[in-house]
Structures are given as structure tokens and as C-alpha cells.
Amino acid sequence: MSDSPQARRFRALFISDVHLGTKGCQADLLIDFLKYHDADTIYLVGDIVDGWRLKSSWYWPQKHNDVVQKLLRKGRKGTRMVYLPGNHDEFLRDYYGTHFGGIEVVETAIHEAADGKRYLVIHGDVFDVVVRHARWLAFLGDWAYSAALTINTHVNRVRRRLGLTYWSLSQWAKLKVKNAVNYIGKFEEAVADEAKRHGVDGVICGHIHHAVIHDQFGVSYVNCGDWVESCTAIAEYEDGHLEIICWTRNLQKAPVEQQDMVEGARAAA
């Protein structure tokens with residue numbers, strides 16, 4: 001916990017599920033995060049742009065354009081940028097192997113950390129049974145999720161007036177509803193099994209908006225979280241260990257109300 005943010009550079013940063021093009025995207029916080037955090041390599045682990053939502057109704061405020069410009073600027077300054085499309089930005093899957101403004105578009109990547117551990121990097125939607133086999137249900141879930149975010153926006157507007165920090169209704173519900181907890185567990189196990197098939201030490205993914213680092217399935221499972229609810233990213237330090245950074249500053253009162261909470265422990269062997 002720090003009262004004034006300090007610029008920090010990491011070996012790698014992993015960011016997923018930004019959902020540019022939706023009203024729930026926390027673009028202000030992501031721009032603020034990118035202002036104070038840099039890395040040799042930045043992985044964009046899918047669902048950076050929400051093509052599903054943009055198809056139904058166009059929403060692209062200046063702040064969303066600012067996020068894109070901020071990322072492109074980092075690439076121009078020498079940061080390696082790797083984009084792994086997810087299901088919401090699946091339109092980019094037709095461009096595997098190409099570069100856009102210095103950003104590589106790939107299906108999967110193997111990231112070798114400073115300590116020699118190797119991680120499969122993938123968005124993760126291919127291991128989501130709903131997305132793969134009941135696409136209509138996935139769209140329905142996306143609509144319900146958007147409704148929850150609208151409610152959440154009003155709740156947090158009141159919280160800000162009271163001087164309180166951001167709170168996520170849907171994150172709270174995920175951890176309270178048994179079926180949601182079971183879904184998360186099955187997803188994590190499926191992704192961990194894929195890492196084992198690749199013969200690597202762990203997997204870094206996104207998709208389910210639930211940031212966590214653990215080794216419950218025999219390999220390191222690392223999820224980036226999202227920039228709609230939790231505002232989290234994964235950072236690799238120079239010694240190779242991974243941590244979750246939760247960036248929930250109250251920008252109306254920054255820097256006094258800054259919360260830069262480093263939550264994860266070392267990625268287990």
C-alpha cells in the first residue's frame with residue numbers, strides 16, 4: 001500500500017480482458033496503470049477489444065482510443081508487444097503471424113521467465129464449455145454480465161461520493177454462488193492440463209475475470225483477471241517470480257487514495 005505511485009519496470013506484464021468498446025471498461029484506471037508500469041514485454045492476453053459488443057452497438061469514447069495509443073506508444077519505444085486474441089476479439093484470429101503497429105498477433109505463446117520456468121500463454125476461451133458448445137448461452141451470459149456492470153457502476157458512483165474504493169458486485173457473486181465457484185475450478189483444471197500437455201511449468205491466461213496464482217493442479221496456474229471489475233495484471237520481476245497487481249486508485253482523489261496492492265505470492269515450481 002503506497003500513498004504516491006512510483007514508476008516501475010518489470011521483465012514482463014500480462015494484461016487481459018480490457019473489453020474496450022464497452023461501458024464497463026475501466027479505461028481511466030488502465031491508462032493510469034500503464035503510466036506507472038512498463039516492461040520489456042507486454043502480453044495482451046485476449047478480449048482487449050470487445051467485438052461482440054461493438055457489433056450490436058458502437059461505443060468508443062476518447063479514453064478507449066487513449067488506451068490503444070498508449071499501448072502503441074510503448075511498442076514504438078521498444079517494448080515487445082504480443083497480442084493473443086480471445087473470444088470477444090476473435091476477429092483478430094484471422095491475422096495470426098502478422099504485426100499491427102509493432103504488435104505481434106499470435107494464437108499462443110511460450111514465455112520463459114528469468115528463473116527458467118516456461119509458461120504457456122493463452123486466453124483460455126477454448127476451454128470454456130459454454131463458449132465452445134452453447135454460443136447462444138455465451139451471448140446471453142454476456143448480456144446479463146453487462147446488466148450487472150451497469151448496476152455496479154451506479155453502486156460505485158455512490159461509493160466514490162462516500163470516499164470508498166471500487167467494489168465489484170459480479171466478483172462478489174462469483175465467489176458466493178456455488179455453481180460459479182465450480183465453473184472456475186473446472187476451467188482452471190482444464191487449462192492446467194493443457195499446460196501439462198505442452199510440457200511447461202505453468203499457464204498464464206485470462207477469460208474468466210478471476211485473478212489468481214496457485215499450483216493446485218500440479219503446474220502453476222496464473223490468471224490475469226480483467227480491467228472491467230478487478231483491474232488486475234500479472235507482473236514478472238527480474239528474478240522471475242510472478243505477482244498480481246491490483247490497481248484500484250481513486251483517480252478523483254489521486255494520489256492520496258492510491259491503492260497499489262500486490263496480492264499473489266511467488267509462482268510455485
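Please report how far the C-alpha centroid of the stretch 6-50 lies from that of the stretch 65-120, rounded to the nearest whole angstrom.
12 Å
Please list, by residue number, every one of the GluC sites (Glu not before Pro) in the stretch 48-131 that is coil in DSSP and has at most 12 other beta-carbon atoms within 10 Å. Working shown, then result.
Details: sites: GLU90, GLU104, GLU107, GLU112; in loops: GLU107.
Loop-located and lightly packed - GLU107.
Add +1 for every Lys or Arg and -1 for every Asp or Glu among the other residues with Cβ under 10 Å from the Cβ of ALA39, and state the total.
Details: positive: ARG8, ARG9, ARG11, LYS74, ARG80; negative: ASP38, ASP40, GLU236.
Once positives and negatives cancel, what remains is +2.
Any read-out appearing in this document is the output of simple, stated calculations on the displayed coordinates, not a laboratory observation. Just so you know, these numbers come straight off a predicted model, no measurement behind them. Positions of Cβ are backbone-derived with ideal geometry, glycine not excepted, and every protein chain shown enters the neighbour counts.
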